[in-house]
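Student: Quick one: structure below, then a few questions.
The values are calculated or read from the model by the stated rules, or taken from the named source; none is laboratory data. Keep in mind it's a predicted model, so treat the numbers as computed, not measured. When we count neighbours, we look across all protein chains shown, and the Cβ atoms used for this are built from the backbone with ideal geometry, even at glycine. These area figures cover heavy atoms from the full protein model, side chains too; ligands, DNA and RNA do not enter into them. Shrake-Rupley method; radii C 1.70, N 1.55, O 1.52, S 1.80 Å.
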Amino acid sequence: MLGCLTGNSRTDTRRGSSVSTMRCWQLVENRLPLVTLVAVASLVVAAASLRVLVTDQGAGLSPGGKAVWGQPRTQQQQRDHHADWRPAVPYGIAHRGASAELPEHTREAYEAAVAEGADFIECDVVLTADLVPLCRHEPNLEGSTDAAAKFPHRRTSYLIDGVNVSGIFSVDLTAAEVATLRAVQPWPFRNQSYNGQFRVATLADFLDVAKSAPRPVGIYPETKHPSWTNSLPALRAAATRLEDILLAALHEAGFGAGGPYGSEAWRQRPVFVQSFEASSLRYMAQRTCAPMVLLLGEWEGWSAPDSGLTLAQLTEDTSLAHIAGWAAAVGPDKETLVTWEQEQGSGGGSGGGGGNGSGSGRGRYVSSGLVEKFHAHGLQVHPYTLRPEPRFFLPHLADHYYRHHHTTSPPTPTSASSSPPSDPGPPPVNANVSLEYQLLLADVVMADAVFADHMPSFVSWRQQQQQHGHGRQQQMGWVQGTKHAGRVRWW
């Protein structure tokens with residue numbers, strides 16, 4: 001569902017109109033001239049005839065929840081909608097900024113990602129003791145800052161989403177105390193030379209980077225552990241929630257208050273809001289036009305923090321029909337989107353888990369069926385996380401391209417790793433991240449965006465695709481220098 005809020009109400013880019021719910025109307029009514037209000041009002045009246053979602057603050061998926069679901073789209077509605085809700089070319093989401101090169105979630109990392117061509121920059125939102133929103137991957141600051149050296153006496157433990165976590169937490173430090181911290185690179189195999197140079201970015205810093213960019217740059221904030229955060233005494237005493245604090249900041253900066261996905265207002269201030277907790281997204285969907293993205297975990301060992309539902313349960317058709325009533329996209333783990341299909345008599349294990357990209361077995365990756373299922377329900381697919389280091393690659397990435405598809409030239413490498421051989425012999429130890437872009441965005445499945453740590457490699461890969469007409473353009477209209485009608489783009 002790519003409109004404001006709920007149900008079958010959505011932006012219709014084929015006809016150039018925007019059918020939105022009353023909430024989006026309320027957000028923009030004071031900004032529009034009377035003639036425009038009359039036109040929009042007629043659309044709202046038309047939308048009222050549609051079945052829309054009526055919900056409280058529950059997740060809407062777990063037994064005993066408070067949600068009352070609206071009617072899922074019919075097959076005909078899905079077919080009609082399918083042509084206009086996917087982006088013309090896949091979005092590049094700078095995961096925690098330029099995190100492969102600089103300490104993550106810093107203003108400098110976000111500015112670098114913008115300069116490298118990111119379409120969106122991503123921020124995990126956590127709070128300080130005085131409720132100032134920050135960009136940090138976790139509320140535990142020990143691994144990504146020098147908090148242990150500066151505030152060793154603040155070390156404590158919290159039970160977060162069922163896991164006991166020890167460290168120094170943002171929620172125990174004031175904004176002034178956090179301002180004394182300096183970021184460090186949390187991965188020891190990445191460049192450590194910038195450690196101690198950059199401040200922790202606040203949400204205000206993050207928004208300012210996007211607004212100050214020389215072109216429209218989107219934002220992609222996440223509510224981090226919202227149920228746990230909202231249970232803290234400081235938020236209960238203030239009678240507020242993480243979501244309220246985030247949305248107030250977004251609307252003040254012009255994100256999510258002007259119009260739904262694909263509208264002119266959205267193109268000027270592009271935004272997606274993500275969370276692993278459906279209840280958090282449902283709460284925000286009632287209060288903003290910003291499109292929601294439900295993050296999903298692995299097949300084994302993961303369940304949603306708020307509802308306890310597994311990936312298998314959340315990807316049943318009934319669940320997806322409901323999710324499509326309030327979300328624009330899903331953010332799955334990349335490994336859940338493909339399955340390794342082993343050739344008979346060939347060595348090597350089944351796909352799953354990270355590696356160096358070479359599983360030393362003949363076979364190929366095939367779709368797990370999830371991308372097609374998500375698309376059938378009108379949901380974009382934004383998988384996470386593609387990183388340039390071979391240790392993070394899909395385990396049979398090289399085998400897929402250099403053994404099974406050895407008659408097809410692989411894409412040109414675009415990041416620092418060994419060059420692929422021109423013959424179909426044994427695959428190199430290190431594949432290249434461009435092969436993962438190719439696999440997940442063009443060859444095996446066709447996702448609509450990727451969370452990536454290294455924007456230069458993604459931008460280079462996308463440019464090659466547009467220039468040389470590989471794979472996906474034939475289906476999605478990737479033609480350099482042209483505008484494919486009905487699909488959202490702004491660059």
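Student: What residue, of ALA237, ALA253, is modelled with pLDDT of 95 or more, over 16 Å from ASP161 (Cβ atoms), touching a strand residue (DSSP E or B) at 6+ places or on another chain (Cβ under 9 Å) and surrounded by fewer than 21 Cβ atoms within 10 Å (Cβ to Cβ)? Steps first, answer last, please.
Tutor: On the way: ALA237 fails: touching a strand residue (DSSP E or B) at 6+ places or on another chain (Cβ under 9 Å).
That would be ALA253, the only listed residue that is modelled with pLDDT of 95 or more, over 16 Å from ASP161 (Cβ atoms), touching a strand residue (DSSP E or B) at 6+ places or on another chain (Cβ under 9 Å) and surrounded by fewer than 21 Cβ atoms within 10 Å (Cβ to Cβ).
Student: Something else about it: Is it true that GLY378 is assigned to a loop (DSSP other than H, G, I, E, B) and at pLDDT 95 or above?
Tutor: Against the criterion (assigned to a loop (DSSP other than H, G, I, E, B) and at pLDDT 95 or above), GLY378 qualifies.
Student: Here's something else I'd like to know. Among all residue pairs at least 6 apart or on different chains, which show Cβ distances below 7 Å where the first residue, located in segment 183-200, is at positive phi and the second is modelled with pLDDT of 95 or more and open to solvent by less than 50 Å² (accessible area, probe 1.4 Å)?
Tutor: What qualifies is GLY196/ASP146; GLY196/VAL184.
Student: Moving to a separate point now. Provide a single number: the residues in segment 208-229 that are assigned to a loop (DSSP other than H, G, I, E, B) and of a type outside the set (A, V, I, L, M, F, W, C). Reasoning before the result, please.
Tutor: Step one: of segment 208-229, the residues assigned to a loop (DSSP other than H, G, I, E, B) are 213-217, 224-225.
Subsequent filtering for residues that are of a type outside the set (A, V, I, L, M, F, W, C) retains 214-216, 224-225.
Residues flagged as assigned to a loop (DSSP other than H, G, I, E, B) and of a type outside the set (A, V, I, L, M, F, W, C) within segment 208-229 amount to 5.
Student: In addition: Condition first: of a type in the set (A, V, I, L, M), open to solvent by less than 20 Å² (accessible area, probe 1.4 Å) and part of a helix (DSSP H, G or I). Now tell me which residues in segment 172-207 satisfy that.
Tutor: Within segment 172-207, VAL178, LEU203, LEU207 meet the criteria.
Student: Can you spot a residue in segment 95-103 that is in contact with a strand residue (DSSP E or B) (Cβ under 8 Å, 6 or more places away or on another chain), over 24 Å from ALA278 (Cβ atoms), crowded, with 21+ Cβ neighbours inside 10 Å and at pLDDT 95 or above?
Tutor: Filtering segment 95-103 down to residues in contact with a strand residue (DSSP E or B) (Cβ under 8 Å, 6 or more places away or on another chain) leaves 95-97, 103.
Adding the requirement that they be over 24 Å from ALA278 (Cβ atoms) leaves 97, 103.
Adding the requirement that they be crowded, with 21+ Cβ neighbours inside 10 Å leaves 97, 103.
Next, from what is left, pick out any that are at pLDDT 95 or above: 97, 103.
Scanning segment 95-103 turns up at least one residue that is in contact with a strand residue (DSSP E or B) (Cβ under 8 Å, 6 or more places away or on another chain), over 24 Å from ALA278 (Cβ atoms), crowded, with 21+ Cβ neighbours inside 10 Å and at pLDDT 95 or above.
Student: Which one is farthest from PHE206 (Cα to Cα) among residues in segment 104-142 that are of a type in the set (Gly, Ala, Ser) and open to solvent by 10 Å² or more (accessible area, probe 1.4 Å)?
Tutor: The residue in question is ALA129.
Student: Pick from THR315, THR310: which is within 22 Å of VAL450 (Cβ to Cβ), among the β-branched types (Val, Ile, Thr) and at pLDDT 95 or above? Talk me through it step by step, then tell me what you get.
Tutor: Details: THR310 fails: within 22 Å of VAL450 (Cβ to Cβ).
Matching residue, one of THR315, THR310: THR315.
Student: Need pairs with beta-carbon distance below 6 Å; first residue modelled with pLDDT of 95 or more and of a type in the set (Phe, Trp, Tyr) and within segment 264-284, second open to solvent by 10 Å² or more (accessible area, probe 1.4 Å) and outside any helix (DSSP H, G or I); sequence gap 6+ or separate chains.
Tutor: PHE276/PRO305; TYR283/GLN57
Student: Sticking with this structure for a sec: Just checking, which of GLU316, GLU343, GLU335, GLU300 is surrounded by fewer than 19 Cβ atoms within 10 Å (Cβ to Cβ) and within 17 Å of the chain's Cα centre (by Cα)? Step through it out loud before you land on a result.
Tutor: Numbers: GLU316 fails: within 17 Å of the chain's Cα centre (by Cα); GLU343 fails: within 17 Å of the chain's Cα centre (by Cα); GLU300 fails: within 17 Å of the chain's Cα centre (by Cα).
Unique residue meeting the criteria: GLU335.
Student: Working only within segment 149-171, note down all residues that are in a helix (DSSP H, G or I) and touching a residue at least 24 places away in the same chain (Cβ under 8 Å).
Tutor: LYS150, SER170, VAL171, listed by residue number.
Student: Against the definition (of a type in the set (Gly, Ala, Ser) and on the phi < 0 side of the Ramachandran plot), how does ALA239 come out, yes or no?
Tutor: For ALA239, the condition - of a type in the set (Gly, Ala, Ser) and on the phi < 0 side of the Ramachandran plot - is not met.
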